[in-house]
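Here's the structure we're looking at; comments come further down.
The values are calculated or read from the model by the stated rules, or taken from the named source; none is laboratory data. All values derive from a computational prediction rather than experimental measurement. Heads up, the Cβs are rebuilt from the backbone with ideal geometry, glycines too, and the neighbour counts pull from every protein chain shown. These accessible areas exclude ligands, DNA and RNA; they are computed on the full protein's heavy atoms, side chains included. Shrake-Rupley method; radii C 1.70, N 1.55, O 1.52, S 1.80 Å.
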Amino acid sequence: QVQLVESGGGLVQAGDSLRLSCAASERTFGTYNMYWFRQAPGKERDFVAAINRIGVGTNYADSVKGRFTISRTNAKNMVYLQMNSLKPEDTAVYYCAADRQFSLRTSTKDMDYWGKGTLVTVSS
């Protein structure tokens, strides 16, 4: 059982930056692909970014390409989401997730583990 704990959310202004962190409990962290999803009020949970086991392959939602960067440090069981040029539409609860699929996915249905989320609010 992998436990994921997100941190780093908060209230920022449009144009600001924020870095989210996700700490994993699993010693075999390096065998999991890691993801960030987000869920805005009244909306479905959407894919944001993904990074493969060794951190050399990434994927991003079109809405965040060029602004967000996902990274990981396997030695510390950590995954990060650097968010720059934040917009009010980025306001959401951000969730960390993990899976052991062969390739990176974008569907919530493919995830094996989830964190409880951290709230990011971007004011205009």
Rounded if a/c under 1.5, otherwise prolate or oblate - the range 71-114, Cα gyration tensor axes: oblate
- request: Please report the base-10 log of the normalised intensity I(q)/I(0) for the chain, using a Debye sum with one equal scatterer per alpha carbon and no solvent, at each q in 0.11, 0.13, 0.21, 0.23 (1/Å).
  value: -0.32, -0.44, -1.18, -1.41
field: Listed residue (Ile51, Gly8, Thr31) projecting farthest to the positive dipole end of the chain, Cβ model
entry: Thr31
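Can you give the accessible area per residue of the chain, in Å², using a 1.4 Å probe?
So the chain comes to 52 Å² accessible per residue, rounded to a whole number.
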statement: Straight-line reach check, Lys43, cutoff 24 Å on alpha carbons, 8 or more apart in-chain or any other chain, hits among lysines -> Lys65, Lys87, Lys109, Lys116
Max mean-square fluctuation residue, GNM over the chain, Cα-Cα springs under 10 Å, options Asp99, Asp110, Asp62: Asp62
query: So how far, in whole Å, is the C-alpha centre of the range 66-89 from the one of the range 5-60?
result: 6
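Compute the FRET efficiency between Ala14 and Thr73 as 1/(1 + (r/R0)^6), taking r as their Cβ-Cβ distance and R0 = 30 Å, and round to the nearest 0.05. Working shown, then result.
On the way: r = 29 Å, r/R0 = 0.97.
After rounding to 0.05, the efficiency reads 0.55.
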- request: Based on alpha-carbon positions alone, could you give the equivalent ellipsoid semi-axes of the range 8-51 from the gyration tensor, as √(5λ), descending, whole Å?
  value: 24, 15, 9
query: Got a number for carbon plus sulfur as a percent of the chain's accessible area, 1.4 Å probe?
result: 46
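If R0 is 22 Å, what FRET efficiency do you get for Arg53 and Ser7 from their C-beta distance, rounded to 0.05?
Values: r = 22 Å, r/R0 = 1.01.
The computed FRET efficiency comes out at 0.50.
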- line: Under 5 Å from the placed amide H of Asp16, counting only residues 5+ away or on other chains, we find Leu86
message: Let me spell out the model: positive unit charges on the Cβ of Lys and Arg, negative unit charges on the Cβ of Asp and Glu, origin at the Cα centre of the range 1-96. What dipole size does that give, in debye rounded to 20?
response: 260
